[in-house]
Every structure is written in structure tokens, then in C-alpha cells.
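Undergrad: Below is a structure I'd like to ask you about.
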Amino acid sequence: MTHSKSRMAACLLTLAILLAVPPSFAAGGNTDKFKRRTGSGDPVAGKVASQICQGCHGVNGNSTDELIPKLAGQYDVYVIKQMRNYLAGTRSHEIMNNMAAPLSDRELADIAAYFADQAIMKGNGAAANEKGKNLFLKGNISDMVMTCAYCHGESGKGLDPSTAMYPVIGGQHKAYLLKQLRDFREDKRVNSPNVIMNRIVKSLSDTDLEALAEYISVQ
Ligand code: HEC
Ligand code: HEC
């Protein structure tokens, strides 16, 4: 087993235990990573259907507003889950709660495929701060035996499309990341499976979260 495979296995194992349900993804078989990132939707139809979304999230999924997340190269599975969560009110945001309502499953799959199909989000490549890097890669995170990198990958670009429940975060806007991390810590966002993210960041200080958001955003 390679280092990264064993890391991924550790991550999956832990999450499977935490969720106490079998993971919904199957290992092996399909080697077409690209196809698995975009899922069953049609990116061409999604380009048209996502016009209203592009107004805020950017034509290629690279938004310019720091509080509007980039969706470029984000896993379709994650995007679809978030939209369903906004619709159900299990994730709340005044704008996004209304956005999900008029979409059919087909349209949503197409829109998610369109954003997943874009070149993956990228930070400005500035030198990563040591504090954030240490926390992200080595951690000292509450009672968890894992670091952020276990689930989100070393640069936060996700592990593999077969584990698409762990979103791409590397290269995301810093202000958006910081808001999400604070919302998890303060239980304002509680839609992660088995509130795993809330538990992971619970004991982190403001300066820890700031350093992490900075580190992740430059990737
Ligand atoms: C008026 C601006 C606006 C429009 C239009 C808009 N969004 Fe958003 N979207 C936002 C903001 C702001 C957030 C961050 C919300 C939060 O902090 O929870 C967001 C969050 C999201 C997220 C969560 C991303 C993540 O990384 O967790 C997804 C997915 C998303 N939007 C998809 C869409 C789709 C699909 C559409 C079109 C149907 C759309 N949005 C239209 C502003 C917008
Ligand atoms: C056990 C796996 C696991 C670990 C470890 C983990 N995460 Fe997550 N993280 C997730 C999952 C799953 C989600 C998606 C939650 C959802 O479905 O809403 C997520 C979501 C996020 C988001 C929100 C992304 C977005 O676009 O809104 C951020 C930011 C994040 N994690 C940062 C971190 C940081 C920083 C660490 C380390 C301190 C970390 N994560 C550790 C599994 C993990």
C-alpha cells in the first residue's frame, strides 16, 4: 500500500465508523476519474441551465467575490448534496436557500457536471504559512486521529472522485473558508455527515482557523 492509499484507507475507515453506515462509493473498477468527477449529468446542458448561477459563481465557476465559493472542479456529488441541503434548510443561507427550489434533479445533475467539468479552482500560489501547513498536514485536532489532509488531500484538492463526499477546498477563497470553519465551530453549519466537521474544528482557536483558511486558499 502506498502512503497516500493508506492515508485514504484510514480516512475512509474512520468516516465509515463515524457514520456507522457503509460508504456509498465503490472502490476500484472505473479508472475514468474525470467521468466520475462530473457524474451522470451533461455539462453542455448544464452550461445553459447554470446561467443564473454563473452570475455569482463565475462563468467558469471561479467567483470573484470572496464570500461566494468557487465551484470550478468541485465534485458533482458534493454540489448536489449542498443544493439539497439548502433546499431542505439543513444548511442555511438566505440566497442559496431560494436558488435550489426551482431545479429538477436532471437540471441539478447537469449544473453540477458543468462546474465539475471546469479546470479545478486554484489559489494564488503564495508561500504557505507554516502554522496553517502544520495544522493541515500534521494536525493536533481535538480528539480526532486524522488531519485535514486525510480527507481533503494534501493540497486540499480532494482525494479521488470515488470519495467525492470530501469537497475540494484547496484554492477556495480565504474569506469563504474562514466563514465555513467558524460556522462549523459555532454549529451554525451542521450539515456535514454526522457533524464531523463541527467536531474536527471545535477546539481550534480563531488564529488556528485563520492560519488554516490562509493555507488552504493559496493552494
Ligand atoms: C446571488 C448570488 C448567488 C447565486 C445566483 C447563486 N449562488 Fe450559490 N452561493 C452564493 C453564496 C453567497 C454562497 C455561500 C453560502 C454560504 O456561505 O453558505 C453560495 C454557495 C453555494 C454552494 C455551496 C458551495 C460549497 O463549497 O459548499 C453551491 C453548491 C452553490 N452555491 C451552487 C449554486 C448553484 C447551482 C446556483 C444556481 C442554481 C447558485 N449557487 C446561484 C451565491 C449565489
Ligand atoms: C473525516 C474526514 C474529514 C476531515 C479529517 C476533515 N474534513 Fe473537512 N469536510 C469533510 C466533509 C465530509 C465535508 C463536507 C460536508 C458536507 O457535506 O456539507 C467537509 C467540508 C469542509 C469544508 C467546507 C467546504 C465548502 O466548500 O464549504 C471546509 C472548509 C473543510 N471541510 C475544512 C477542513 C479542515 C480545515 C480540516 C482540518 C482541520 C478538515 N476539513 C478535516 C470531511 C473531513
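Nothing in this text is a laboratory measurement; each read-out follows from the coordinates by a stated rule. Bear in mind the structure is a predicted one, so any value in this text is a computation, not a measurement. Heads up, the Cβs are rebuilt from the backbone with ideal geometry, glycines too, and the neighbour counts pull from every protein chain shown.
Undergrad: Lysine pairs in the range 130-218 with alpha-carbon atoms under 16 Å apart, 8 or more places apart or on different chains: how many are there?
TA: Close lysine pairs found across the range 130-218: 7.
Undergrad: If you don't mind, another one. Given the range 33-116, what whole percent of its Cα pairs are spread farther than 16 Å?
TA: The share of Cα pairs beyond 16 Å in the range 33-116 comes to 47 percent.
Undergrad: For labels at Lys157 and Met99 in the simple 7 Å Cα→Cβ model, what's the distance in nm?
TA: 2.5 nm
Undergrad: Take the Cα of Glu186, step 7 Å along the line toward its Cβ, and report every residue of the range 77-98 whose backbone nitrogen sits under 17 Å from that point.
TA: 91-94
Undergrad: Run through the range 96-140 and list the trypsin sites (Lys or Arg not before Pro) located in a DSSP loop whose Cβ has at most 14 other Cβ atoms within 10 Å. Spell out each step's value before the answer.
TA: Numbers: sites: Arg106, Lys122, Lys131, Lys133, Lys138; in loops: Lys122, Lys138.
Taking the range 96-140 and a limit of 14 other Cβ atoms within 10 Å, the loop trypsin sites (Lys or Arg not before Pro) found are Lys138.
Undergrad: Another question, then. For a label point 7 Å from the Cα of Leu137 along Cα→C-beta, name the residues of the range 176-219 whose backbone N is under 15 Å from it.
TA: Within reach of a label on Leu137: 212, 215-219.
Undergrad: Still on this model: Assigning unit charges at the beta carbon (Lys, Arg +1; Asp, Glu -1) and nothing else, what dipole magnitude in debye, to the nearest 20, does the range 45-137 show about its Cα centre?
TA: So the dipole magnitude of the range 45-137 works out to roughly 240 debye.
Undergrad: Near Val195, within a Cβ-to-Cβ distance under 10 Å, what is the net charge of the other residues, with Lys and Arg +1 and Asp and Glu -1?
TA: +2
Undergrad: Right, next: Tally Lys/Arg at +1 and Asp/Glu at -1 over every other residue whose Cβ is under 15 Å from the Cβ of Glu107; what's the total?
TA: -1
Undergrad: With +1 on each Lys and Arg Cβ and -1 on each Asp and Glu Cβ, how big is the dipole of the range 102-219 about its Cα centre, in debye rounded to the nearest 20?
TA: For this selection, approximately 240 debye.
Undergrad: Rg/Rh for the range 130-218 to two decimals, with Rh computed the Kirkwood way over all alpha-carbon pairs.
TA: Value, to two decimals: 0.92.
Undergrad: Could you order the peptides 60-72, 109-121 from most to least packed, using the average number of other C-beta atoms within 10 Å per residue?
TA: The peptides rank, most packed first, as 109-121, 60-72.
Undergrad: Same structure again: Starting at the first residue of the range 97-110, write each ³J(HN,Hα) from the Karplus equation 6.51 cos²θ - 1.76 cosθ + 1.60 with θ = phi - 60°, in whole Hz, x for Gly and Pro.
TA: Values per residue, Gly and Pro as x: 4, 8, 5, 6, 3, x, 8, 7, 4, 4, 4, 5, 4, 5 Hz.
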